[in-house]
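Structure first, commentary second.
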Amino acid sequence: MVAGLVSLLGLGGATATRAAEPIAAKQVYLFFVFSDPRPGREAAYARWFADRRHTDRATEAPGVMGVQHYVPGPELRHAPMNTPRDLVLYTLATAQAQRSAEAVTRLGDAGDAWPGPEIATVTTATYRALSPPINGVGGEPAGAKPGVAARYAVLAFHSVVTGQDDSFNSWYDAVHLPELLANPGVVSGQRGVRSPVQFGPASETSPRYLMLLRIATSDVPAVFKGILKGGPPSPAIDRAHSYGFTYQAANP
């Protein structure tokens, strides 16, 4: 499972003001917590998520700026594994990643930040943002079904063929990301790289690169149809060890 598969601050969730740190030294981190209920503990698991105080308390950790709960949405492509039942995404901005990681871990061990091991299986992954979110064209695709727009996070985790990082990054920045952002319904995109400082019970096998595509639409299949018309993937991608998930925001 992925420690891992959204502007996250712009997509809602709790926010908090933190003590000042040297602005130039701050880095943005995206901390993903994926979970599934243990058999027979579904009711306790659901109660944990219904009590938003658990995730809200995580904003007490140094650097935590936002939190958003997601549930599985329609997949952009066939996923090679089951999509975890819940995702909680924490956004952090800090110059002291290790300090923030230790504080978040203490909260998780106390039953906040993520559900406890007695009711859930949990895996996590932490990525350092390579840039701020880059705006997409937004709006709705032509002919989109009317309705209330929902917010989605398409998460793509990429491993790269050995020695092909430069080729992969050049293709993503110059070709693929502009392609994605040009699709109506796409609000923004943001790339990340696996952080050497991992928050929580991280998997040792999560891919090196992350792409967060944020979508707001009343007709997500129509948005996906446009995305899938894009060009071929880079041969630098290790496709056997890359995967993605789509999640929908669980609350405003």
ask   = Can you tell me which residue in the range 34-68 is farthest from Ala156 (Cα to Cα), limited to those that are in contact with a Phe, Trp or Tyr (Cβ under 7 Å, 6 or more places away or on another chain) and at pLDDT 95 or above?
value = Pro37
Within the range 75-103, tally of residues that are at pLDDT 90 or above and within 23 Å of Phe245 (Cα to Cα) = 10
note = Going through the range 95-146 in order, the residues found to be under 30 Å from Ser218 (Cβ atoms), part of a loop (DSSP other than H, G, I, E, B) and not hydrophobic (A, V, I, L, M, F, W, C) are Ser131, Pro132, Pro133, Gly136, Gly138, Gly139, Glu140, Pro141, Gly143, Lys145, Pro146
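Within the group Gly200, Gly163, Gly136, which residue is at pLDDT 95 or above and surrounded by 22 or more Cβ atoms within 10 Å (Cβ to Cβ)? Lay out the reasoning, then the answer.
Numbers: Gly200 fails: at pLDDT 95 or above; Gly163 fails: surrounded by 22 or more Cβ atoms within 10 Å (Cβ to Cβ).
On inspection, the qualifying residue turns out to be Gly136.
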query = Restricting the first residue to the range 222-233 and requiring it to be closer than 16 Å to Ala144 by Cβ, which pairs with a second residue that is loosely packed, with under 14 Cβ neighbours inside 10 Å meet a Cβ separation below 7 Å and a spacing of at least six or different chains?
reply = Ala222/Gly143
inquiry  = Can you say whether Ala174 is assigned to a loop (DSSP other than H, G, I, E, B), of a type in the set (A, V, I, L, M) and surrounded by fewer than 17 Cβ atoms within 10 Å (Cβ to Cβ), as far as the supplied structure shows?
reply    = no
message = For the range 223-252, give me each residue that is over 14 Å from Gly73 (Cα atoms) and either in contact with a Leu (Cβ under 7 Å, 6 or more places away or on another chain) or among the small types (Gly, Ala, Ser) (or both).
response = Gly226, Ile227, Gly230, Gly231, Ser234, Ala236, Ala240, Ser242, Tyr243
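The values are calculated or read from the model by the stated rules, or taken from the named source; none is laboratory data. Note that the structure is predicted; figures quoted are calculated from it, not measured. No Cβ is skipped: glycine too gets one built from the backbone with ideal geometry, and neighbour counts run over all protein chains shown.
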